[in-house]
Structure formats: C-alpha cells, structure tokens
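Student: Provided herewith is a single structure, encoded as structure tokens, for subsequent inquiry.
The values are calculated or read from the model by the stated rules, or taken from the named source; none is laboratory data. Since we're looking at a predicted model, the values are computed, not measured. Don't worry about glycine lacking a Cβ; one is built from the backbone with ideal geometry, like all the others, and counts go over all protein chains shown. To get the accessible areas, we keep the full protein, side chains included, count just its heavy atoms, and leave off ligands, DNA and RNA. Shrake-Rupley method; radii C 1.70, N 1.55, O 1.52, S 1.80 Å.
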Amino acid sequence: EEYKGQIDLVEGFNKLSKNLKSKCIVFFVGNGKKQDIKILKRKIRDFKLSNNIKILDYLNEDSYKIINNFDLLMSLTRDFEAFGYSIAEALYVRTPVICTNVGGIKEFVSKKNAIIIQPNNIQSIKQSLKDFLSKKKLFNKKVSNGCNLMKEKFNSDIMSKKFLQYFSHA
C-alpha cells in the first residue's frame, strides 16, 4: 500500500501539460517491495514518462545532502505518516514541500510552511505541481517559515530537553 502515493504522483504528473512535464524530472528515492516497484515502473512506461521519472534505490548518503539537492520534496502518503523526518529535513534545508494531510506531520506542517493536500487526490497533485512551477514567491515564503520553525521548535537542544523531561517523569 505504501507505493500508492507514488502511483498518485505519477498520475498527477501525467496530467500536466507537455510543456510543464518537460521542465521536470521526478526522482523516487529509497527501497520498496519488488512487486510495488514493478507496478510503478509499468505505470511510468504506460504513460511514456520514462524520461521524466526516475526510480533510484536507497542512496547511502546524508539525507540532508540528498534533500538539499532537490527543488521540491513530495511526500504523498495515503493513510499514515509518523513524524515525517524527510519533511522536517526538507523544511530545515529550505526545500519546498508538498505533502498529504496524514499522521504526525500535523505536529509541524501547516499551510504556512508547505502545500498540504488530501491523500489520493490526483487533481490536487497536478495543481500543486503547477503552483510550484509558477508561484516561486509563495514557495519561498513557505520554506522560510518552515526553516524558522525547525530551528526554533525542533532543534537538537529543545528536542533533547523534551526527551529528557519525558523520561524523567515516566
């Protein structure tokens, strides 16, 4: 089921105009079940998007470095996301975020720092991608807000103090 958000992204991307598609390359990074990757590859092939969508394995590199090299991070989980470390890391390094409104990301993601869409909404994915390509000032403001939030509320000093407080009262 984890791969279905990736299928949603492929379908949303496919609905973009030819001109907009030509401006983008989508990278799926990480491991997955072989069967899920097979389905994803088939969908990419069926839509003739092999030049625009690339599937990479797990990259043995610092995640900040990877995310910092992206123009946009999309996390399109359909039903559950724990804290959402990759989203937090993206905000910290000022990489714009489009994500679904699920799970623990609500602790730190808002309309002030990301584009938030409902899961399994192909039209919203398409529109969010169009907005990303055409509304740079909007996304620049969001990444600035996100970075400030991460530095103010989720830095290592604050998080370690919260962690210590939690376990000293347990």
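Student: Consider ASN148 carefully, then state whether it is out of contact with any Leu (no Cβ under 8 Å at 6 or more places or on another chain), modelled with pLDDT of 90 or more and either basic (Lys, Arg) or in a helix (DSSP H, G or I) (or both).
Tutor: Criteria met by ASN148.
Student: Return the residue satisfying two criteria in turn: it lies in region 4-30 and is of a type outside the set (A, V, I, L, M, F, W, C) and part of a loop (DSSP other than H, G, I, E, B), and of such residues it is modelled with the lowest pLDDT.
Tutor: Ranking the qualifying residues of region 4-30, first place goes to GLY30.
Student: While we're here: Among all residue pairs at least 6 apart or on different chains, which show Cβ distances below 9 Å where the first residue, located in region 144-160, is within 13 Å of PHE108 (Cα to Cα) and the second is at pLDDT below 85 and among the β-branched types (Val, Ile, Thr)?
Tutor: GLU152/ILE158
Student: With the condition kept exactly as written, say whether any residue in region 107-122 is exposed (fewer than 13 other Cβ atoms within 10 Å of the Cβ), within 26 Å of ILE7 (Cα to Cα) and touching a strand residue (DSSP E or B) at 6+ places or on another chain (Cβ under 9 Å).
Tutor: yes
Student: Still on this structure: Looking only at residues in region 123-145 that are in contact with a Leu (Cβ under 9 Å, 6 or more places away or on another chain) and aliphatic (A, V, I, L, M), which one is surrounded by the fewest Cβ atoms within 10 Å (Cβ to Cβ)?
Tutor: Ranking the candidates gives LEU133 first.
Student: Separate question: Name the residues in region 31-88 that are hydroxyl-bearing (Ser, Thr, Tyr) and either assigned to a helix (DSSP H, G or I) or open to solvent by less than 100 Å² (accessible area, probe 1.4 Å) (or both), would you?
Tutor: Within region 31-88, SER50, SER63, TYR64, SER75, THR77, TYR85, SER86 meet the criteria.
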